[in-house]
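K.L.:
Okay, here's the structure, questions in a sec.
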Amino acid sequence: MTARFWQLCGLCAVLIVMAVPWWLAPVDNQIYIPAVTGDAIYVRTPHGQRILIDTGNDAPRLLEFIGHYTPFWQKNSTDYVILTQRGASWQGGLAAIIARGVSNQLIWLPATHDGAAQVCATTTTPCTLAQVGQQWQIDGITLTVDSANTLWLQWPTGALYIAQGSTTAQLNAITHSPPCPVVFCIMVYPWRITPPWQLQRVLHPAGVIYSTGQVQEPPALLSMADRRVDHEWLLHEQLDGDLFIDMRKPHHISHTAPEE
């Protein structure tokens, strides 16, 4: 009886240890937009590849956020970093991310090429100087450079048009952009800049997420669905907290409450 009891206890212990990684594994198929100073978008692909688009200047908060969604057995902070903006927008965060380790590549959009040489000379992570029209496939996600500082991120059920660091003049100059390639498309767009009507008409997004400055004091009073412009659904530019987009159901966008 006693021997059998301890055998069962040992079997249970083994099963618990084997299950721990499953319990701790972060949810894949998610896009995260953390509330940090500057812009950052963190993507976990269907099979756990990690893509960080821009890094902001709030290094402690960015590392804390990524660490929360990184299991203990992954030593590096992310697999890919893609930079869309000039250096002032990412210097603080990028240095911290590189120090923690980037597994595969640093990808620099044309608008960031002038800052690439200095950074790439100090890291062993391979650097790619991207050109307009260049495209990558990463675990079922297609990344396409649309202009000097804009990027399409597309998957079978949705797409993001990422224009985080663009000025109105730069976006008004984009006339070649194809319409949203899938049923559900969202723009990630500079804070407090009205989207150019011509670009909206070309892209025809289902909604707009305003990036940068998501944490406000005092906290924002409007919810995600409280504001509409014509037929476009906008997420309010003063939304507090982190945003989460479920890539399997991209219309399902949730957010955390602002930190106290």
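The values are calculated or read from the model by the stated rules, or taken from the named source; none is laboratory data. Please read these numbers as outputs of a predicted model, since none were measured by experiment. Here Cβ is always computed from backbone atoms with ideal geometry, including for glycine, and neighbour counts include all displayed protein chains.
The rows are residues; the columns are (1) in contact with a Leu (Cβ under 8 Å, 6 or more places away or on another chain); (2) among the aliphatic types (A, V, I, L, M); (3) at pLDDT below 70.
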site: Gly133; (1), (2), (3): no, no, no
site: Gly140; (1), (2), (3): no, no, no
site: Trp155; (1), (2), (3): no, no, no
site: Gly158; (1), (2), (3): no, no, no
site: Ser166; (1), (2), (3): no, no, no
site: Ile174; (1), (2), (3): yes, yes, no
site: Ser177; (1), (2), (3): yes, no, no
site: Trp191; (1), (2), (3): no, no, yes
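K.L.:
Is it the case that some residue within segment 235-246 is at pLDDT 65 or above, of a type in the set (Asp, Glu) and part of a loop (DSSP other than H, G, I, E, B)? Can you show your working first?
P.N.:
Our first condition is that a residue be at pLDDT 65 or above; within segment 235-246, this holds for 241-246.
Imposing the further condition that a residue be of a type in the set (Asp, Glu) reduces the set to 242, 246.
Cutting the leftovers down to part of a loop (DSSP other than H, G, I, E, B) gives us 242.
Yes - at least one qualifying residue is present in segment 235-246.
K.L.:
Next question. Across segment 156-176, what is the number of residues that are under 25 Å from Asp246 (Cβ atoms) and assigned to a loop (DSSP other than H, G, I, E, B)? Even if it seems obvious, please write down each step before you answer.
P.N.:
Residues of segment 156-176 under 25 Å from Asp246 (Cβ atoms): 156-164.
From what's left, assigned to a loop (DSSP other than H, G, I, E, B): 156-157, 163-164.
The number of residues fulfilling the criteria is 4.
K.L.:
Still on this structure: Leu151 - would you say it is over 22 Å from His176 (Cα atoms) and assigned to a strand (DSSP E or B)?
P.N.:
Details: over 22 Å from His176 (Cα atoms): no; assigned to a strand (DSSP E or B): yes.
No; evaluated as a whole, the condition is false for this residue.
K.L.:
When you go through (1) in a loop (DSSP other than H, G, I, E, B); (2) closer than 22 Å to Phe65 by Cβ; (3) free of Cβ contacts under 8 Å to residues at least 12 places away in the same chain one by one for Thr123, which number turns out not to apply?
P.N.:
(3)
K.L.:
Can you spot a residue in segment 128-146 that is over 23 Å from Ile98 (Cα atoms), in a helix (DSSP H, G or I) and touching a Ser or Thr at 6+ places or on another chain (Cβ under 9 Å)?
P.N.:
Looking through segment 128-146, none of the residues is over 23 Å from Ile98 (Cα atoms), in a helix (DSSP H, G or I) and touching a Ser or Thr at 6+ places or on another chain (Cβ under 9 Å).
K.L.:
Conditions: (1) part of a helix (DSSP H, G or I); (2) at pLDDT below 85. Gln74 meets all but one. Number of the miss?
P.N.:
Gln74 satisfies every listed condition except (1).
K.L.:
Of the conditions (1) buried (at least 20 other Cβ atoms within 10 Å of the Cβ); (2) among the β-branched types (Val, Ile, Thr); (3) modelled with pLDDT under 90, Val145 clears all except one; give me its number.
P.N.:
Condition not satisfied by Val145: (3).
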